[in-house]
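Values quoted throughout were computed directly from the atomic coordinates according to the rules given, and no laboratory measurement underlies them. Since the model is a prediction, treat every value here as computed from it, not as a measurement. Positions of Cβ are backbone-derived with ideal geometry, glycine not excepted, and every protein chain shown enters the neighbour counts.
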Ligand SMILES: Cc1cc2nc3c(=O)[nH]c(=O)nc-3n(C[C@H](O)[C@H](O)[C@H](O)COP(=O)(O)OP(=O)(O)OC[C@H]3O[C@@H](n4cnc5c(N)ncnc54)[C@H](O)[C@@H]3O)c2cc1C
């Protein structure tokens, strides 16, 4: 049996690895010059480890991606970072029941109500039934209006912009239920994990073609699939749905989801900006929604002794920031960086990197589970798997790996 995998992100990599382990002939096509997809990264001069284009960590309960790392010889590192919120010129810890109870921007009643509501959500074993409600209507009733307005409404609006009112409550439940206090990072970075997985695939006889965008996937009369000059028994496509349609040359049965772009401005700095790893911005109308000081999670010695700070955003198609130069972005962000740390100086900045990718965050509307596409398409031998299909869980490398392995099991069952 010979299978094509389109896309070298973690879904494609996990599927390809499972298939080669079962003796299947596999060719993986990736249009970029590296593997890893959205979880990939860069290595700058003098750096020992790669850094993700978009801040990445795993949770300690992300079993699938941790198992993959162990299998390919990449060490998972457990970290105990601090998460905070920036509100009314203060950075306040916000990552545990105790920190909620100490959160001075809420009244005592507001803190207790929010703490109880979040604890309740965490206790629900499967929150899919909540998908009939929108976060904006149900969350204030669960955690109290005060906590909703002071914290979560701002986060929702900052993350989903014009789509904030659409997002369903099962998505929110999954975010709360899945979170662990300790986080996991992979030695060498997520790019290292992708590379080592790729090496394992090729070491077992699989082929990986980088810089090889698939432009067309054709089905022959004899039921075989053609990509370029190669013939396959089956194809897995892991790109976002609009790209799948282009490759297959026809409309596929996929819900018409809204997506946001991901954008990060990465500052390589001489000085530390904040003491914590992750700081949500709980202010209205800031130009970025999160500040992630990666070198408060991972030692700066791996990045040429630079401090690494991400300023992250999710942006709708056509947003003005998507067209701004890195100089213009830094100028727009500088006054806000000074609000966070009054000593912040432009002279601290040694280098700036900007990354943008479309289809970075799907927006899940109410009752999405009724529309979600099947991994196994109605056409024999064609499989579709992308991050809009791990719902109600949010995108994540763990779910990409889990889905990739599940597709491999399906392919073996259907086609062998
Ligand atoms: C801002 C941000 C933060 C995130 N944070 C985390 C985190 O902390 N932890 C976590 O686990 N996950 C995180 N994620 C999510 C995680 O990166 C994704 O869920 C995961 O990488 C998706 O993997 P995938 O293989 O399904 O898709 P992708 O990574 O999108 O892979 C698809 C691949 O297909 C390739 N491709 C597309 N078209 C073609 C074509 N025509 N021919 C060949 N190849 C093609 C692409 O180049 C890409 O490599 C984050 C994502 C973003 C955007």
* Structure fact -> Computed on Cα atoms only, the convex hull of the stretch 8-65 has an orientation-averaged projected area in nm² of 5.4 nm²
* **Value of relative contact order over the chain, rounded to a whole percent, pairs C-alpha under 8 Å and six or more apart** => 27 percent
* So how tilted is helix 397-415 from the main axis of the chain? Cα-based, degrees 0 to 90, rounded to 10. -> 20 degrees
* Just from its helices, what would the mean residue ellipticity at 222 nm be for the chain, if runs of 4 or more DSSP H residues each count -39500 (n - 2.57) and the sum is divided by every residue, rounded to the nearest 500 deg cm²/dmol? -> -9000 deg cm²/dmol
* Asked: Between the stretch 104-135 and the stretch 224-241, what's the alpha-carbon centroid distance in Å?
  -> 44 Å
* Would you please calculate the Kirkwood hydrodynamic radius of the stretch 1-153 over all C-alpha pairs and express it in Å, rounded to one decimal? => 19.6 Å
* Would you order 394, 299 from fewest to most other beta-carbon atoms within 10 Å of each residue's own beta-carbon? => 299, 394
* Asked: Between the stretch 344-390 and the stretch 1-69, what is the C-alpha centre distance in whole Å?
  -> 15 Å
* Structure fact -> Per residue, the convex hull enclosing the Cα atoms of the stretch 97-178 spans a volume in Å³ of 83 Å³
* To do: Two decimals is fine: what's Rg over Rh for the chain, C-alpha atoms, Kirkwood radius as Rh?
  => 0.97
* **Value in Å of the Kirkwood radius, where the stretch 258-362 supplies the Cα pairs that are averaged** => 14.2 Å
